[in-house]
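Note sheet for the following structure.
The values are calculated or read from the model by the stated rules, or taken from the named source; none is laboratory data. The shown structure was predicted, so the numbers you read here are calculated from the model rather than taken from an experiment. All Cβ positions, glycine included, derive from the backbone under ideal geometry; neighbour counts span all protein chains shown.
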2 protein chains.
Amino acid sequence: MPPPNPDWVKALKPSGVQGSELLEQERAKSTLDTDQLAAFLFTQDVLDRNARILEILQADPVFDKSQNYFRGRTERIEASLARAKALRRLHVKHKWSQEEYQAANELISEPTPYGLHASMFLKTLQEQGTPEQHELFLRKANNYEYIGCYAQTELGHGSNVRGLETTATWNPQDKTFTIHSPHLTASKWWIGSLGKAANHAVVVAQLILNGKSHGPHPFVVQIRDLVTHEPLPNIHVGDIGPKFGYNTMDNGFLLFNHVKIPHINMLSRFSGVDPETSKYIRPANPALVYGTLTYIRSSIVLQSGSVLARGVTIATRYCAVRRQFQDRDAGEEETEENQVLNYTMVQHRLLPLLAASYALHFTGRAMINIYNENQKRMSQTRTAKDLDDAKRGAGPEELNPGSDLLADLHAISCALKAFASTTAAEGLEVCRRACGGHGYSAFSGIGSWYADYLPTVTWEGDNYMLTQQVARYLLKSARAVLAGKNPDNSISRILKEFIRRRDIGAAFDVLGDDSDLVDAFAWRVAFLTFEALKHRDEEKQSWNSLLIDFWRLSTAYAQYLVVKYFYDALQDEATKSALDPDTVALLRKLFQLFSLHHLEAQASEFFTSAATTVRQIQLARTKRSLALLGNIRPHAVRLVDAWKFPDWQLDSSLGRYDGKVYEDLFHRASEVNPLNDIVVDPYPESPVLFKKLLKEAGQKAKL
Amino acid sequence: MPPPNPDWVKALKPSGVQGSELLEQERAKSTLDTDQLAAFLFTQDVLDRNARILEILQADPVFDKSQNYFRGRTERIEASLARAKALRRLHVKHKWSQEEYQAANELISEPTPYGLHASMFLKTLQEQGTPEQHELFLRKANNYEYIGCYAQTELGHGSNVRGLETTATWNPQDKTFTIHSPHLTASKWWIGSLGKAANHAVVVAQLILNGKSHGPHPFVVQIRDLVTHEPLPNIHVGDIGPKFGYNTMDNGFLLFNHVKIPHINMLSRFSGVDPETSKYIRPANPALVYGTLTYIRSSIVLQSGSVLARGVTIATRYCAVRRQFQDRDAGEEETEENQVLNYTMVQHRLLPLLAASYALHFTGRAMINIYNENQKRMSQTRTAKDLDDAKRGAGPEELNPGSDLLADLHAISCALKAFASTTAAEGLEVCRRACGGHGYSAFSGIGSWYADYLPTVTWEGDNYMLTQQVARYLLKSARAVLAGKNPDNSISRILKEFIRRRDIGAAFDVLGDDSDLVDAFAWRVAFLTFEALKHRDEEKQSWNSLLIDFWRLSTAYAQYLVVKYFYDALQDEATKSALDPDTVALLRKLFQLFSLHHLEAQASEFFTSAATTVRQIQLARTKRSLALLGNIRPHAVRLVDAWKFPDWQLDSSLGRYDGKVYEDLFHRASEVNPLNDIVVDPYPESPVLFKKLLKEAGQKAKL
């Protein structure tokens, strides 16, 4: 640590109106009840719980964040492993629930080497293991004697799971499987918690029985010695190296050279190998496997709102503190500089994202409700046809969309996962840039958060790949509607309404009526769906030539869903009874801003589908959006306050609740930054680089 | 360094068709002469020069890149300082020109602590110093006895230079200036080369004479001891801490506590203080100061093409090597997976950026030509009016646009700097994501390049701020045209043509005629300009309420310029004589793709301005773009080869010329990654984190 600032520096304050005063003024300008809104967003129980956990974490020096931004990769892994261990001990000590443990992880806000153990490894053992396997593996895993990971992705294969190269070959003689990596591209890759921490892995490998492949299946494999933690023989394992972000996680690689495991190590709740006959036992219901993926995608949708809200909180507070230039139309006597947040260009970048954070929050809630509803129905009404479909190995996209919620849910979760995570990721970068130069400092707290979040647009289904699945579902739905089938689901109703009105045309009043605004988004989806169907079924265009259209279609569908769920949430009686009418009215402005922002951005699709008039789109772009920005502006700081991020969680100089932005930036740079411990030799002819540490220099000077 | 791979791992190869074969096939598919095209883009002399320099750098271990992605901040500064010194010694030894030194820096591709010394410090001393000051400061600076930086930006002030808080108060008694930081926000901030390397700074401070401020002026201040390199008394200086990128640079902070400097330290070629009368000497021509900024912006435009081309090169090669899924319409017998580059969705993301890299290259060339033309004219024909304008302190935007090229040049450089750097920065991130999961690995080589480039969208004029200056120029030009003035410059011609045809309407054949495509972009600029003028002058809308329109307007203007310059370059006889007709035809496809891509993305502006028909825009989106993607696809790898980036410069596993992508990813992860030297203790109850180094473990095992 560098020496403290000299006294004359300590005496300095920022010039002009202080950041703390500016944020106080902001909060005084709006009467929005942030506590009420926060309790509505999260429930008071959750807020209280988070406060309790925060206190515990802050008291433990292992969770101290002050060095986070300065550490190199090895030191970061060291710190995050220490935190993972400490968090596990707290988990046990305080008898935390899974939700509480998760809340603690969110407050820490960095992945740790226990991350994949605590999620996918345990979940896969639980869901895909038999009771015997639970006893054998899960008990020890729950107890952290076995520390594991989920090894699916390979160096040569990500999205295409069926193309995985690792093999698990059944040996009838000794009733074992041989796990093997036949090629370099078979190396497991990107596997979280594998690089350093895991001693076990669930390895997804092609099951080979009598020379025939039965596709990818999960196997439990011990990879490191339980005492020395050295790799076992014929296993090559390690960390894959630094990444754009996520560097507190030990993503790893793993290769096998004919490694034998016993029969019991194949996770066989759903499918397996009969050890006596060496016959394959088919899965009873492959839809259940899709269930896990759908759950993960739904969780990504649920998180996306608060992921984005974090960046919006930081940028909004800082743009209220930062002042730059006088207003050009202000008189000569105006000498105080203008808060950056007053510029419409900044509002235009930031406030639609503020609206998006709320929109995604309500969408995430709706998504989870649909997921839970589906889980309930699935366990109740499984039809004979479903079982037939399942037995012939149909993916959910091939299941009849009318038969249950599964196909709807799958499409909705794919469309929303792609849209929500892209919106959150790209929105964070917009927030970072809206902070101007200081957004680039690590102390802004946005860059690392963004970099850590980025893989979300690729994993659990690449966002572009997913749009094909959504399009397939929409095309299938359109074909069903045209064939006169009448499934009573949301998408069919939209498509039928479009057909009904197509000839008389639509003229939705997107500026005058919020429900018309929702209908305009639905209309565009139907229009694009039938266009795509015509290209595919009538014009027989190749699938590949339609991928761009499919991506546009899926995005349109996702935007419709978000607009719809946001609208529905505000119509809900529970909302109206929980919140002041003024708060609901303000949220409605956010709804309008979000919707019109996307309508503007995709104006040409609304033009060509004739969902509304050219004049309304022009007005939306000019007058209406500007008016909404002006309406929302006074409440911006309170609207981000309602997310209730503690400063400790944000770890941002720019996003401090108290507005002491410059003091904090300066403190971290001058008094924490370890580079300021060092004096260099700057001359080109000198081979010396670091002359000495300042601290020593200071001590010598004193002597 | 971790131990080498075991023999059974060494024996593994990637599965299926090897990356090297795939790239060979790609190169065989196209007859594009990459050497000819490269010589046209850069000249053969430059290519030969770069090859010569590359050889020198590769021979010196200080420039070895293999550890770059693994180092922490302090180690990175250590390495980059060592490189800066070595490069300076090579500069002297090989008697390099400034261009050769610059070329070496580009091959190294990381900023060093000498960066701002070698550019802004020397340039400012040169341009703003008197001959006496050259003798006193510049000679030693050129010799690296003085190592300096350019200290303008402050903690509280970036874009608004007039708001800087640091003061330089003239003391008539002893003929000195007192440099002082009255507030914390006065701290110089973000200053490259200041944090560790500099012993001098050009400090931009408010000149105070007899209690009156005369605005910001440059002063040379010694900040560290020339022998001990410790900060001088009453100076607080250091590194500002880690950033999103640019971490090999020591961006610094600097505060002064009433530090006295002699009269000679005010750089006074243009303005100064008469030491006898204590009177202010006004600058003879403030336009010259704007000249430097314009030069820097023009350089940013020039670089943007190759900045982007680097990401496009990596992504294109990798997408030709990476295979994933079979084509959905391919028959059952098709078992080989498809090259990712064959998917239209990937082409749609990547090929318009390939086109943009060429478009920006030709635009940058045109920009530099205009700059040089202007410099020549400025030195020849300075009118009496110019001098008058200059004396009353008018900025270039207030100079009569017809009087010389300066106002045009200023607006063009602002518009293009904003558009080109945004396109390059955001394009790099698109390239990174187009690489799928592996794009996230540090070894992709895109992430760090992107992160280092990002400040370009903020510095030398924030890209959003700049659009106001462009709009001001366009409004002024429109007013001149409406007033019947007839300046013969490009923008006036566009505006007049719009007025002439406004009543009969435009119907540009954007699909049939390339010059019509250029005209459609011009038409849209004129339409948006007169719209904005109406809002401002007739409807008296506030400046602030128009900022979003201004940003759209400036972007439209920049896009027009790029389209126009690209078109002109292809029409040029020099181009036609230097290149095969086939190559010119291929470049024309890139021109069309770039233009139609932006026409589609901003379709609603082309709709409302009625630049072309709705039908043409729809066709552009569907049929035409897809056809162009298909036309360009076979030449994609050769088109990126023509940029001639050596592998050493790209430092990317994914972008290797030989296609050995997976081998290189694996080698770096397994055999170079220092984290694989470490064995952790994974158990939560154990306080131990790192058990030992593998190497030791390996040695023990052998004993």
Collect the residues in region B:130-143 that are free of Cβ contacts under 8 Å to residues at least 60 places away in the same chain and either in a loop (DSSP other than H, G, I, E, B) or hydrophobic (A, V, I, L, M, F, W, C) (or both), keeping them in residue-number order. B:L138, B:A141, B:N143
Can we say A:V202 is in a strand (DSSP E or B) and closer than 26 Å to A:N143 by Cα? yes
So which pairs qualify, if the first residue must be in region A:631-651 and small (G, A, S), the second must be modelled with pLDDT of 95 or more, the Cβ gap must be under 6 Å, and the two must be at least 6 apart or on different chains? A:A636/A:T316; A:A642/A:T34; A:A642/A:L37; A:A642/A:A38
Could you pull out every one of the helices (runs of 4 or more DSSP H) wholly within region A:1-109 that has 1 or more residues that are within 14 Å of chain B (Cβ to nearest Cβ)? A:7-10, A:19-29, A:73-93, A:98-108
Of all the residues that make up region A:410-431, how many are surrounded by 24 or more Cβ atoms within 10 Å (Cβ to Cβ) and either within 9 Å of chain B (Cβ to nearest Cβ) or more than 17 Å from the chain's Cα centre (by Cα) (or both)? 2
So which residues in region B:182-199 are outside any strand (DSSP E or B) and basic (K, R)? B:K196
Expected single match for over 30 Å from B:V307 (Cβ atoms) and either part of a loop (DSSP other than H, G, I, E, B) or touching a Lys or Arg at 6+ places or on another chain (Cβ under 9 Å) (or both) among B:Y146, B:Y150 is B:Y146
Please indicate, with yes or no, whether at least one residue in region B:525-539 is closer than 25 Å to B:L32 by Cα, touching a residue at least 12 places away in the same chain (Cβ under 8 Å) and acidic (D, E). no
Has region B:432-444 got any residue that is within 14 Å of chain A (Cβ to nearest Cβ), in contact (Cβ under 8 Å) with a residue 40 or more places away in the chain and touching a Cys at 6+ places or on another chain (Cβ under 6 Å)? yes
Taking region A:183-194 on its own, how many of its residues are within 7 Å of chain B (Cβ to nearest Cβ), of a type in the set (G, A, S) and under 23 Å from the mean Cα position of the chain (by Cα)? 0
Which one of these does A:L207 not meet: (1) in contact with a Gly (Cβ under 8 Å, 6 or more places away or on another chain); (2) buried (at least 24 other Cβ atoms within 10 Å of the Cβ)? (2)
Just the residues that are part of a loop (DSSP other than H, G, I, E, B) and away from chain B (no Cβ under 14 Å), please, taken from region A:159-181. A:P172, A:Q173, A:D174, A:K175
Scanning region B:474-510 residue by residue, the ones that are part of a loop (DSSP other than H, G, I, E, B) and surrounded by fewer than 19 Cβ atoms within 10 Å (Cβ to Cβ) total 13
Flag for A:Y464 being buried (at least 24 other Cβ atoms within 10 Å of the Cβ), part of a helix (DSSP H, G or I), within 13 Å of chain B (Cβ to nearest Cβ) and modelled with pLDDT of 90 or more: yes
Inside region A:651-669, can you point out the residues that are crowded, with 22+ Cβ neighbours inside 10 Å and not in a loop (DSSP other than H, G, I, E, B)? A:V661, A:Y662, A:L665, A:F666, A:A669
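So for region B:54-61 (the condition being surrounded by 19 or more Cβ atoms within 10 Å (Cβ to Cβ) and either aliphatic (A, V, I, L, M) or touching a Phe, Trp or Tyr at 6+ places or on another chain (Cβ under 6 Å) (or both)), does at least one residue qualify?
Yes, the conditions are met somewhere in region B:54-61.
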Expected single match for in contact with a strand residue (DSSP E or B) (Cβ under 9 Å, 6 or more places away or on another chain), among the polar types (S, T, N, Q) and within 30 Å of A:Q67 (Cα to Cα) among B:N210, B:N265, B:N251 is B:N251
Do we have B:A151 as among the hydrophobic types (A, V, I, L, M, F, W, C), away from every other protein chain (no Cβ under 11 Å) and over 24 Å from the mean Cα position of the chain (by Cα) here? no
The lone condition A:L466 fails out of (1) closer than 27 Å to A:I300 by Cα; (2) without any contact (Cβ under 8 Å) to a residue 24 or more places away in the chain; (3) not β-branched (V, I, T) is (2)
If we keep just the residues of region B:511-529 that are charged (D, E, K, R) and closer than 16 Å to B:R615 by Cβ, which is surrounded by the fewest Cβ atoms within 10 Å (Cβ to Cβ)? B:D513
It is to be established whether one or more residues within region A:629-643 are modelled with pLDDT of 95 or more and either at the interface with another protein chain (Cβ under 10 Å from one of its Cβ atoms) or more than 22 Å from A:V346 (Cα to Cα) (or both). yes
When only residues in region B:588-616 that are among the small types (G, A, S) and assigned to a helix (DSSP H, G or I) count, which is surrounded by the most Cβ atoms within 10 Å (Cβ to Cβ)? B:S595
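Would you point out the residue of region B:481-536, among those that are aliphatic (A, V, I, L, M) and at pLDDT below 90, that is nearest to A:L626 (Cα to Cα)?
Restricting to residues being aliphatic (A, V, I, L, M) and at pLDDT below 90, the top hit is B:A506.
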Here is a list: B:L619, B:L547. Which entry is in a helix (DSSP H, G or I), crowded, with 19+ Cβ neighbours inside 10 Å and within 14 Å of another protein chain (Cβ to nearest Cβ)? B:L547
